[in-house]
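The values are calculated or read from the model by the stated rules, or taken from the named source; none is laboratory data. Remember, predicted model here, so these are calculated numbers, not experimental data. So basically every Cβ, Gly included, is an ideal-geometry build from the backbone, and we count neighbours across all protein chains shown. Note: accessible area is taken over every heavy atom of the protein model, side chains too, but ligands, DNA and RNA are not part of it. Shrake-Rupley method; radii C 1.70, N 1.55, O 1.52, S 1.80 Å.
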Number of protein chains: 2
Amino acid sequence: MKLHGYWRSSASYRVRIALAWKGLDYEYSPVHLLKAGGEQKSAEYSRLNPAKLVPTLEIKDPNSGEHLVLNQSLAIIEYLDACFPEKRLVPESPVVAALVRTLALDMAADLQPIANLRVLQYLTGQLQQPDEQKLAWISHWVTQAFSAFEARLQKTAGKYCVGDNVTLADVCLIPQVYNAKRFNIDLSGYPCLCSVVEALEELPAFIAARPENQIDANS
Amino acid sequence: MKLHGYWRSSASYRVRIALAWKGLDYEYSPVHLLKAGGEQKSAEYSRLNPAKLVPTLEIKDPNSGEHLVLNQSLAIIEYLDACFPEKRLVPESPVVAALVRTLALDMAADLQPIANLRVLQYLTGQLQQPDEQKLAWISHWVTQAFSAFEARLQKTAGKYCVGDNVTLADVCLIPQVYNAKRFNIDLSGYPCLCSVVEALEELPAFIAARPENQIDANS
């Protein structure tokens with residue numbers, strides 16, 4: 001199994017958490033998103049993912065033995081959950097799964113894609129926005145997303161986002177909190193979220209997956 | 001069953017397609033995203049969805065009889081697929097499901113959230129960008145996403161996005177094509193995508209779900 005990712009990419013971070021959570025060993029192949037205009041845009045990497053985004057997971061399908069090249073972090077994690085169902089991240093109950101996926105998508109669809117590297121590059125590049133506007137942009141979308149997330153957690157949270165089991169919602173939350181802290185966003189208005197994050201940050205799988213613990217950290 | 005949506009919202013459009021595809025009857029409750037500063041921001045609607053986004057589906061869970069309030073279009077559709085498994089939109093095979101979800105997320109995570117109404121409002125509002133820059137923004141992200149999608153389809157497509165069965169990938173593609181056409185984006189560079197779209201546009205469920213066929217069309 002080989003994961004192509006970047007230490008600071010939220011989507012790579014999600015898959016690292018899921019793999020560590022399930023105790024699956026893998027080789028990590030760094031794709032530097034900034035060097036040489038972005039290694040994810042190389043012809044070699046584009047063959048693995050025509051969207052030119054990380055991560056990509058190469059894996060031998062445990063059922064057929066076929067070599068698979070998978071993209072999109074949430075699709076990868078749902079696949080891992082189906083093939084390695086121990087320590088499920090998406091619960092089997094359709095109702096609980098809907099809550100979990102809603103929280104996951106709040107982070108992975110309604111926050112991360114708007115505030116990720118390529119969008120920020122467009123803002124400061126094509127639109128020539130100063131750093132101040134870039135930071136206001138990040139802060140605006142984080143605030144929108146975390147406010148909604150906090151309101152949802154007040155109904156769903158136990159020790160973690162949904163009850164007392166780690167789920168895909170937790171896997172998607174932690175990378176966005178890492179980003180928010182990186183940009184010095186004040187999280188004190190989200191007490192339920194902070195309490196969940198504190199519990200998650202103690203878990204070995206979440207520690208192993210942290211950006212600073214990757215071989216390409218600070219590269 | 002009650003769907004709170006807006007005729008032109010891509011995420012509402014996806015759920016309308018899924019409901020029609022599965023032959024499920026529902027009441028449609030329009031939430032106007034522009035009138036009065038956006039009805040989705042009202043206190044009443046925020047109780048249904050603290051993210052202040054459409055759609056919301058209210059449904060009586062067929063297993064427990066419990067009244068559920070569900071948000072996030074993809075979470076809703078996965079729930080419908082689990083509870084009403086006829087005419088599945090996410091195939092049971094983990095490998096095929098991964099392909100389907102990857103294509104779905106290409107549209108629903110990596111395109112739609114970057115080019116939706118609230119982001120465009122931020123560009124022309126807070127960032128005071130002229131209409132010309134707004135259109136360039138839309139065109140840029142549509143081009144990025146459709147180019148990757150076309151490359152994927154060359155490996156996965158049959159009559160539809162993945163083989164000859166309608167899937168969640170098709171459900172997520174059609175609303176983004178509707179938007180692209182609305183902004184006069186040239187689609188001739190995506191022949192595989194266009195061929196799939198042509199086949200999908202003939203299906204009664206996709207016709208019933210079209211924005212112009214909703215009670216709030218042009219409101």
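Quick check on my filter: what residues within segment B:10-27 are outside any helix (DSSP H, G or I) and crowded, with 17+ Cβ neighbours inside 10 Å? Let's see the steps before the verdict.
Just the residues of segment B:10-27 that are outside any helix (DSSP H, G or I), to begin with: B:22-27.
Selection gives B:Lys22 alone.
List the number of the failed condition for B:Phe183; all other conditions in (1) open to solvent by 30 Å² or more (accessible area, probe 1.4 Å); (2) without any contact (Cβ under 8 Å) to a residue 12 or more places away in the chain; (3) within 20 Å of the chain's Cα centre (by Cα); (4) under 30 Å from A:Val142 (Cα atoms) hold.
Against the list (1) open to solvent by 30 Å² or more (accessible area, probe 1.4 Å); (2) without any contact (Cβ under 8 Å) to a residue 12 or more places away in the chain; (3) within 20 Å of the chain's Cα centre (by Cα); (4) under 30 Å from A:Val142 (Cα atoms), B:Phe183 comes up short only on (2).
Is there any pair with a first residue in segment B:5-29 that is under 18 Å from B:Leu53 (Cα atoms) and a second that is charged (D, E, K, R) whose Cβ atoms are under 6 Å apart and which are 6 or more apart or on different chains, and what are they?
B:Trp7/B:Asp216; B:Ser29/B:Lys2
Which count do you get for residues in segment B:186-199 that are outside any loop (DSSP other than H, G, I, E, B) and open to solvent by less than 60 Å² (accessible area, probe 1.4 Å)?
Total satisfying the criteria: 6.
I want to confirm something. Restricting to segment B:129-167 and keeping residues that are surrounded by fewer than 18 Cβ atoms within 10 Å (Cβ to Cβ), charged (D, E, K, R) and over 21 Å from B:Arg118 (Cβ atoms), which single residue is nearest to the other protein chains (Cβ to nearest Cβ)?
The extreme case among them is B:Lys155.
Just checking, which of B:Glu86, B:Glu39, B:Glu66 is acidic (Asp, Glu) and facing another protein chain (nearest Cβ under 9 Å)?
Values: B:Glu86 fails: facing another protein chain (nearest Cβ under 9 Å); B:Glu39 fails: facing another protein chain (nearest Cβ under 9 Å).
Sole residue among the options that is acidic (Asp, Glu) and facing another protein chain (nearest Cβ under 9 Å): B:Glu66.
What are the residues in segment B:89-115 that are in a loop (DSSP other than H, G, I, E, B), more than 9 Å from chain A (Cβ to nearest Cβ) and farther than 15 Å from B:Val166 by Cα, if any?
B:Ala115
Do you know which of the residues in segment A:51-74 that are over 22 Å from A:Glu39 (Cβ atoms) and in contact with a Cys (Cβ under 9 Å, 6 or more places away or on another chain) is most open to solvent (accessible area, probe 1.4 Å)?
Looking at residues that are over 22 Å from A:Glu39 (Cβ atoms) and in contact with a Cys (Cβ under 9 Å, 6 or more places away or on another chain), I get A:Asn63.
Inspect all residues belonging to segment A:103-115 and state whether any of them is buried (at least 24 other Cβ atoms within 10 Å of the Cβ), outside the structural domain of A:Arg182 (by TED's automatic domain parsing) and touching a Ser or Thr at 6+ places or on another chain (Cβ under 6 Å).
The answer is no, given that none of the residues of segment A:103-115 is buried (at least 24 other Cβ atoms within 10 Å of the Cβ), outside the structural domain of A:Arg182 (by TED's automatic domain parsing) and touching a Ser or Thr at 6+ places or on another chain (Cβ under 6 Å).
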